[in-house]
Structure formats: structure tokens, C-alpha cells
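The values are calculated or read from the model by the stated rules, or taken from the named source; none is laboratory data. Keep in mind it's a predicted model, so treat the numbers as computed, not measured. Quick reminder, even Gly has a Cβ in these numbers, built from the backbone with ideal geometry, and neighbours come from all protein chains shown.
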Amino acid sequence: MGYRRHSESGWRGSSHSSTSIRDFFRKTHSVASFRGTFDYTLDAKNRLTVPAKFRAALAEGVVMVKGTEPCVALWVPDAYDEFTESILATYHPFSEEREKLERFYASNSFDADLDSAGRVGFPPFLLQHASLTKEVVVAGARNRLEVWDRERWNEKNDELVTDVREIRSRVSHAGS
């Protein structure tokens, strides 16, 4: 009844099913594609004015999520649910890893709505995690937005340039 057979749940007996994750990214990339980097300021009530070009995509709600890096991700609710399900489906339903992931994704997320001015308020635990104060950056990350402390973002973006150069170097040498 409440239990689904392995074939129905998507679990394939391996902790590395890339098919469901690839399918997820293909689907969500066509639904909403968040691009660009925007400097913003949180107001006195720790609210972010979401960039106008993204408000329609987030009009039905926002899932605010603790990132695995010091940032807060803003997801469209359906996309976040699909993302977490695609990851969880790669683990056996009774595995300890799946339980940890379920706990992480559920307990470190927060449902919110944009107010009439297109703002979203941050709960204290997410502000603390990302060290968000006044000056922030809203960075597009394809299927989500990420909100970073501006100084941390500048450091991270510099790292990204170096990392991407290294990745390109490895990829270009792989075909030789």
C-alpha cells in the first residue's frame, strides 16, 4: 500500500543512477533557466527584492534551501521536489544514505512566498548559514538562484574561473 516496489520507486540497486538526475536537469532547464549575477541589498527586515525578471517564475512560491556551500538557494517548488526525488531515487528506500539525504533536504528548506513588492524574507537559520548581512549577490545557477554574501561571492567567482580553466584543460586533453 504505502510501500512501492523498487521498479516503481526508481531505485535500480545502485547508488549511482545518472539517468534520473540527467532527466531532471533536462526537464527543469527547460522550465526555468536562471541566469545572470545581480548585486542587491537586504532591507532592515532581511528581505530580498527578487530580480524582476525572475518574479513570474517564483510567483507560485519559493523554496529557500541551505546550500552545501555558504549560500541560500531559491527554487521553484516543483523543481525542488523533482530535484530531491531524482537524488533520493538513486538510493535504496531503506538505506542510511537516503535517510540522511531526506533529513538534510527537508530540514534545511523553508517554504516562502514573494510579497506584493516581489520580496522574500530569510529565516534566521539561512541568514546564519550563508553569513548574509546587507550586501548580497543573486546569482543564477540554471535551475535555481543562489544568494551569497557579496564578498564571499566575489571570492567564489574568482575560484570558479580558475576551476573552469582546469576543467576545460582536462576535457581538451581527454580527447587527445
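Screening the candidates SER7, SER86 for the property of being outside any strand (DSSP E or B), modelled with pLDDT under 50 and of a type in the set (S, T, N, Q) yields one hit, SER7. Only residues that are in a helix (DSSP H, G or I) and either farther than 14 Å from ALA117 by Cβ or among the small types (Gly, Ala, Ser) (or both) were counted in region 55-83, giving 7. In the set (1) over 26 Å from ASN154 (Cβ atoms); (2) of a type in the set (Asp, Glu); (3) not in a helix (DSSP H, G or I), ASP43 fails one condition alone, (1). Any chance region 112-121 includes a residue that's in contact (Cβ under 8 Å) with a residue 12 or more places away in the chain, touching a helix residue (DSSP H, G or I) at 6+ places or on another chain (Cβ under 7 Å) and either of a type in the set (Ser, Thr, Tyr) or more than 16 Å from ASN46 (Cβ to Cβ) (or both)? Within region 112-121, not a single residue is in contact (Cβ under 8 Å) with a residue 12 or more places away in the chain, touching a helix residue (DSSP H, G or I) at 6+ places or on another chain (Cβ under 7 Å) and either of a type in the set (Ser, Thr, Tyr) or more than 16 Å from ASN46 (Cβ to Cβ) (or both). Would it be correct to say that LYS134 is touching a strand residue (DSSP E or B) at 6+ places or on another chain (Cβ under 6 Å), farther than 16 Å from ALA73 by Cβ and modelled with pLDDT of 95 or more? So LYS134 fits the description; yes.
Of the residues in region 89-96, at least one is over 22 Å from ASP39 (Cα atoms), surrounded by 12 or more Cβ atoms within 10 Å (Cβ to Cβ), out of contact with any Ser or Thr (no Cβ under 7 Å at 6 or more places or on another chain) and modelled with pLDDT of 95 or more. Collect the residues in region 61-88 that are within 25 Å of SER131 (Cβ to Cβ) and surrounded by fewer than 19 Cβ atoms within 10 Å (Cβ to Cβ), keeping them in residue-number order. GLY67, THR68, GLU69, PRO70 - these are the residues of region 61-88 that are within 25 Å of SER131 (Cβ to Cβ) and surrounded by fewer than 19 Cβ atoms within 10 Å (Cβ to Cβ).
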